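What follows is calculated from the coordinates using simple rules that are stated; it is not laboratory data. It should be emphasised that the depicted structure is a prediction, and the values quoted were computed from it without experimental measurement. With ideal geometry, Cβ positions are generated from the backbone for all residues, glycine too; neighbour counts draw on all protein chains shown.
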Amino acid sequence: MAANRPGRLAAKVAFITGTAGGQGREAARMFAAEGARIVGCDVEGEHDRETAAMVREAGGEMSSFGSVDLSDADAARAWVERGIAETGGIDILYNNASALRPGFVGDVDPEDWRFTVRNELDLIVWTTKAAWPHLVRRGGGSIINTASVAGHVGSAGTPGSPHAATKGGVIAMTRQFAAEGCGHRIRANSISPGLIVTPGFRAAAAQGWFPPMPMPLGRLGRPEDVVYLALYLASDESSWVTASDFVVDGGQLGIGGVEPTPITPEVLDA
């Protein structure tokens with residue numbers, strides 16, 4: 001970024017969930033580099049504070065308030081209110097955080113199902129509900145929700161029934177947010193990543209969750225592949241974009257005839 005050019009998010013306040021690592025950490029770093037003031041949170045409070053330190057060391061601004069469980073409505077509201085008290089407002093809500101437990105429909109555990117719903121749907125509802133009146137008072141803003149290609153297509157070899165249900169719900173819920181927000185100039189869009197190498201993905205791959213997958217562009221995704229799109233959706237460049245879902249998957253859904261590749265350690269590091 002040229003020294004004499006203001007950042008794409010200059011003077012904006014971005015609330016980003018799940019900033020302890022992966023896409024959330026990269027979003028905090030990249031949004032701050034473009035001038036946004038960041039309010040972050042994660043259930044992993046210590047790692048979230050590490051992210052805040054990284055942002056500040058790079059010359060950015062980020063607040064972290066320790067461990068926050070956004071699946072609890074009161075905790076989500078308290079996080080938003082504390083962030084508003086510190087920054088004075090909100091322009092961007094990036095609902096990135098999520099957590100899941102796998103299961104094929106024939107043997108999914110009821111508690112695993114409820115865990116996934118709480119941590120992939122409930123936390124978006126409660127955080128957005130808490131932020132909504134502040135976005136209205138601000139005169140508008142951008143909501144970005146992290147969905148998944150699992151919300152678009154099934155995978156016979158992946159134990160993903162709870163995850164598919166919740167991420168399909170995120171896509172539908174985002175369109176409803178956009179409908180309710182258009183009169184307030186609140187835009188809402190979702191991003192559906194494919195296979196992105198994050199700490200959580202590495203752990204799941206080590207447990208054998210994933211069968212061989214097609215990789216049309218020859219590699220798995222990286223957190224920045226998603227965050228570059230999120231930057232656009234957060235910025236005024238996307239002021240006429242709402243109620244849309246954007247697939248970021250290296251062509252996995254759209255390109256057929258590609259030989260599947262096993263998810264090996266070498267592929268994870270490529």
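Here are the numbers for the structure shown:
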{"item": "Computed log₁₀ I(q)/I(0) - Debye formula, equal Cα scatterers, no solvent, region 1-50, q 0.27 Å⁻¹", "result": "-0.92"}
{"item": "Relative contact order [Cα under 8 Å, 6+ residues apart], region 156-270, whole percent", "result": "37"}
{"item": "Expected-Rg normalisation [2.2 N^0.38 Å, Cα atoms] applied to region 77-156", "result": "1.36"}
{"item": "Principal-axis tilt of helix 73-87 within the chain, Cα atoms, nearest 10 degrees", "result": "40"}
{"item": "Principal-axis tilt of helix 161-181 within the chain, Cα atoms, nearest 10 degrees", "result": "30"}
{"item": "Alpha-carbon spread of region 13-102, three principal axes, descending order, Å", "result": "36, 28, 20"}
{"item": "Inter-part distance where region 181-200 and region 120-153 are each reduced to a Cα centre, Å", "result": "8"}
{"item": "In Hz, Karplus ³J(HN,Hα) per residue of region 251-266 (6.51, -1.76, 1.60; θ = phi - 60°; x = Gly, Pro)", "result": "x, 4, 7, x, 10, x, x, 9, 5, x, 10, x, 7, 9, x, 5"}
{"item": "P(r) histogram, all alpha-carbon pairs of region 109-223 included - 5 Å bins from 0, percent", "result": "2, 10, 18, 21, 18, 12, 10, 6, 3, 0"}
{"item": "Tensor-based shape of region 134-192 (alpha-carbon gyration tensor, a/c under 1.5 rounded, otherwise prolate or oblate)", "result": "prolate"}
{"item": "On Cα atoms only, tilt of 45-57 relative to the major axis of the chain in degrees", "result": "60"}
{"item": "Peptides 154-164, 251-261, 124-134, 217-227 ordered by average Cβ neighbours within 10 Å, highest first", "result": "124-134, 217-227, 154-164, 251-261"}
